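Down below is the structure, laid out as structure tokens.
Each reported figure results from applying straightforward, stated rules to the coordinates on display, with no laboratory input. Computed from a predicted structure; not experimentally measured. Here Cβ is always computed from backbone atoms with ideal geometry, including for glycine, and neighbour counts include all displayed protein chains.
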Amino acid sequence: MKTRLGRLFTRALLGLVIVIYFCGGVVGQFNYPYGINDVLNTITGSLGPSVGSINGSFSSIQNTEQTIVFPPAVMAMTQGNITSIVNSYRGWMAQVYTQPLSSAQVPSNSQFESVLHSGTNTTTPTITTMYQNAYGAGPISSSAAPPTIQQIVDMNDAHAISALSLATATDQSASNLITMANQIEDQSSATAPGTADQLSAQAMALQLQSLSAQHQLLASQLRQEAGLLAQMTSDMKRSATNTQGMNNVLQNLTTNNK
């Protein structure tokens, strides 16, 4: 790179000399003295050795890089090893990601399952409709269950639909992360010397995005566990209330029999 800059600088000076030379001929025809010879003497005499020294320095730096810092043979071997490692696992990992997992038999449930496993973010209304087709619509009418049961069922449905919607969103995010990770792997096998830190920074950024998605899923799981605990405590409260009601009935019967 540095040698290339030195060559470009040299070519620019030579181009300037040629332009001044021809312009000097034109100026001479019109008898306009602009000190063209002085400029030419300065460029070819004073700057010439400096340009040669710059080119020599750049060549020395490039030679040091290629023999000590970034030997081309070692770089080629490293890039070849990266390609071999990537080719050894990317194929079967892609098969793992696309392994069919659907097992539902009922058409509506099969459609619902295919949406959940599609790896594409699906809107909550769509998830809600398919969920209700599979597990029943809500809320439960007041004639079918007491208010406490209605509230528990409604909250359980809400938690389930929220978790399923988040699952489809994180599946799509994971798919995008895998695509970008493959691109970084491909770049690492053909990267120029000195750019490894940039690829490392990109990989770390992807890792942070992956951790963020994992934390979202963990938060959803915690909400599910909290909902389960809430249902258990609600069942205990309802059981205690029913027990107290039965005790009151028995006490009334005992009192009336006396």
Extended-chain gain in nm, criterion 0.36 nm per residue less alpha-carbon gap, I184 and A205:
6.4 nm
Under a 5 Å amide H to amide H cut-off, with H placed in plane at 1.01 Å, what residues pair with F70 once short-range neighbours are removed?
none
Can you give the net charge of the other residues whose Cβ lies under 12 Å from the Cβ of I178, counting K and R as +1 and D and E as -1?
-1
What distance in nm separates the simple spin-label points at T241 and E225, each placed 7 Å from Cα in the Cβ direction?
2.8 nm
With θ taken as phi - 60° and the coefficients 6.51, -1.76 and 1.60, list the Karplus ³J(HN,Hα) couplings across segment 105-110 in order, rounded to whole Hz; mark glycine and proline as x.
10, 5, x, 5, 5, 5
